[in-house]
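The values are calculated or read from the model by the stated rules, or taken from the named source; none is laboratory data. Keep in mind the model is a prediction, meaning the values are calculated, not measured. Here the Cβ positions follow ideal geometry from the backbone for every residue, glycine too, while neighbour counts run over all protein chains shown.
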Amino acid sequence: MSQMVDLVIFGGTGDLSTRKLLPALFQLHRHKLADRLHRIIATGRGATDTAAFRQVAHDNLLRFLPANSWDEEVWSTFCDRLHYCRVDASQDQDYQGLADLLDEGEAPGRLYYLATLPSLYGKICHQLHNAGIVNDHSAVVLEKPLGHDLQSCRQINEQVAEVFNEESTFRIDHYLGKETVQNLIAVRFGNPLFSPQWRNTFVDNVQITVAEDIGVEGRGGYYAKTGALRDMVQNHVLQVLSIVAMEPPSSLRPADIRDEKMKVLRALQPMTSGNVRDNTVRGRYGAGAVAGEAVKGFLEEAGYQDADSTETFVALKATINNWRWAGVPFYLRTGKRLSRRYSEIVIEYKKLPFSLFANDPNELINKLVIRLQPEETISLHTLNKRPGLTRGLRLQPVELHLTDESQNKGDSYDAYERLLLDAINGDQTLFMRRDEVEIAWRWTDSIIDAWEENSTPIKQYNAGTMGPNAATALVAVDGRNWYE
Ligand code: BG6
């Protein structure tokens, strides 16, 4: 998409647009990065108008922009770009108003961002087509979740594909827009030091943790039907895993990277009713305290009937069946209302075959710790000599930092800024291809089916802890610990 683009957001007054998309667009505008972006047209069912929408956007930006980002002058030009168009996504006649508004503009390119109920995605695409506002310079961005299982995901993909080809379809997983996920590619493939060790000969296990301290934050209705496996593992966690585990791509072109990620997802061993008990833990938070504040349990908070079969925590032991990773467990965990918010990948290297320092309490396990948030850091955990004249050679832990925080400080950005910019510029590298999303569903469906067949219980954990004890046991039976 090398033309000027009008961005149309379906769900333009919704939560995602308010908290993430509009702040990200403001930042791109502020940094003069969105030079191809012409107008931003928010659509919604509400009977508001552009002037009122601008006022609300102004107030919300003040709330949701990062500190020190507000700039009155930038707002005055950003505001001119904002428009509102009333569209009830399910009403045929409403699309004419959108078509008229688009025709008034000068941008030949159109980027439709769908942040509504995924069950509407197919219908919206067809309506756009029927209204004559899809052309060769049009593309669509699809927010997650893409369906509820493999079948519904395929259905959405098929309906969208009837209007937009794969090259014009951008499936968002905002974890791919996080700086450290991209830095992981740089560190892995840019350093001859790491590449030869990135395999089962050297690596003992890999851990991926995506921990949140928040609860379901007013999204109880959605979350009660979704649960942690579908909400976080099917997309964010598996996307991160596929980048950690992929073979070196032959280039950085989107197709080459996506092909390698795809092979990892295909190599994931499906769960069955026979092995699901040993490899998975489901949890749900009860009342507890997070950061010193008392919080309610999920069931009291959400108050939805179907929520008693919903997990808010999941821990998994995943197996990748290929030569590189045979014998290396990938421990994955994610949950809400945990003790703190952080996301991290830990590569634990094998112990020495024979240690000269066997009696030292610090006996070495080298680790590469890749922190996605709240900080964006990569550090290598090593040991060296404890300095001093004490008798004997004693070890002490030393962290080598591979990220230069002072240098990076000015450059931090939200994942949505990166992804919106890439979508506007037509770069698909950090978006999910259709087959990737579907294969990820196939694996998560295998877990859900096995849970159902086995009536796998949901274990309770207190809010403010790191999940149920069974999650510790999942790793402990293999003689390992979660890295905290
Ligand atoms: C979303 C999930 O995709 O990611 C939310 O639907 C979750 O439940 C969020 O809170 C986490 O994103 P981040 O970037 O804050 O880790």
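Numbers for the structure displayed
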quantity: Pair list, Cβ < 9 Å and 6+ apart or interchain, from region 223-252 residues that are within 29 Å of Pro196 (Cβ to Cβ) and among the β-branched types (Val, Ile, Thr) to residues that are within 12 Å of the ligand (Cβ to nearest atom) and assigned to a helix (DSSP H, G or I); calculated: Val237/Tyr175; Val240/Tyr175; Val240/Leu176; Val240/Val181; Ile243/Leu176; Ile243/Val181
quantity: Counted residues, region 199-223 - those being surrounded by 20 or more Cβ atoms within 10 Å (Cβ to Cβ), under 16 Å from Pro118 (Cβ atoms) and away from the ligand (no atom under 11 Å from the Cβ); calculated: 0
quantity: Inter-residue pairs, beta-carbon under 9 Å, first over 14 Å from Leu16 (Cα atoms) and in region 110-121, second aromatic (Phe, Trp, Tyr) and outside any helix (DSSP H, G or I), 6+ apart; calculated: Leu111/Phe170; Tyr112/Phe10; Tyr112/Phe164; Leu120/Phe10; Tyr121/Phe10
quantity: Residues (surrounded by fewer than 21 Cβ atoms within 10 Å (Cβ to Cβ) and either under 15 Å from Ile133 (Cβ atoms) or in contact with a helix residue (DSSP H, G or I) (Cβ under 6 Å, 6 or more places away or on another chain) (or both)) located in region 84-101; calculated: Asp88, Ala89, Asp92, Gln93, Asp94, Gln96, Gly97, Ala99, Asp100, Leu101
quantity: Unmet criterion (only one of (1) farther than 20 Å from Gln428 by Cβ; (2) within 11 Å of the ligand (Cβ to nearest atom); (3) of a type outside the set (Gly, Ala, Ser)) for His174; calculated: (1)
quantity: Cβ pairs under 8 Å, 6+ apart, first in region 143-166 and closer than 11 Å to Gln234 by Cα, second away from the ligand (no atom under 16 Å from the Cβ) and among the basic types (Lys, Arg); calculated: Gly147/Arg154; Leu150/Arg442
quantity: Long-range neighbours under 8 Å by Cβ, at least six apart or interchain, first residue of a type in the set (A, V, I, L, M, F, W, C) within region 326-350, second within 12 Å of the ligand (Cβ to nearest atom) and assigned to a loop (DSSP other than H, G, I, E, B); calculated: Leu338/Glu212; Leu338/Asp213
quantity: Cβ pairs under 6 Å, 6+ apart, first in region 171-187 and over 30 Å from Gly122 (Cα atoms), second charged (D, E, K, R) and not in a helix (DSSP H, G or I); calculated: Glu179/Glu376; Thr180/Glu376
quantity: Subset of region 25-47 (residues that are crowded, with 24+ Cβ neighbours inside 10 Å and either of a type in the set (Lys, Arg) or modelled with pLDDT of 95 or more (or both)); calculated: Leu25, Phe26, Ile40, Ile41, Ala42, Thr43
quantity: One residue from Leu252, Leu238 being crowded, with 17+ Cβ neighbours inside 10 Å and either closer than 24 Å to Trp323 by Cβ or more than 12 Å from the ligand (Cβ to nearest atom) (or both); calculated: Leu238
quantity: Filtered residues of region 124-133 (kept if without any contact (Cβ under 8 Å) to a residue 40 or more places away in the chain and either buried (at least 20 other Cβ atoms within 10 Å of the Cβ) or under 24 Å from Arg442 (Cα atoms) (or both)); calculated: Cys125, Gln127, Leu128, Ile133
quantity: Thr429 vs. criteria modelled with pLDDT of 90 or more, out of contact with any strand residue (DSSP E or B) (no Cβ under 9 Å at 6 or more places or on another chain) and over 16 Å from Phe26 (Cα atoms); calculated: yes
quantity: Residue check, Val216 under 22 Å from the mean Cα position of the chain (by Cα), at pLDDT 95 or above and among the β-branched types (Val, Ile, Thr); calculated: no
quantity: Residue ranges of helices (runs of 4 or more DSSP H) in region 220-291 with at least 3 members small (Gly, Ala, Ser); calculated: 220-228
quantity: Test: residue in region 415-425 that is under 23 Å from Asp213 (Cα atoms) and in contact (Cβ under 8 Å) with a residue 24 or more places away in the chain; calculated: yes
quantity: All positions within region 177-198 that are surrounded by 15 or more Cβ atoms within 10 Å (Cβ to Cβ) and in a loop (DSSP other than H, G, I, E, B); calculated: Lys178, Phe194, Trp198
quantity: Matching strands (runs of 3 or more DSSP E) fully within region 52-164 where at least 1 residues are in contact with a His (Cβ under 8 Å, 6 or more places away or on another chain); calculated: 109-114
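Okay, residues lined up against (1) touching a helix residue (DSSP H, G or I) at 6+ places or on another chain (Cβ under 9 Å); (2) modelled with pLDDT of 95 or more:
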| position | (1), (2) |
| --- | --- |
| Ile320 | yes, yes |
| Ala326 | no, yes |
| Leu352 | no, no |
| Asn362 | no, no |
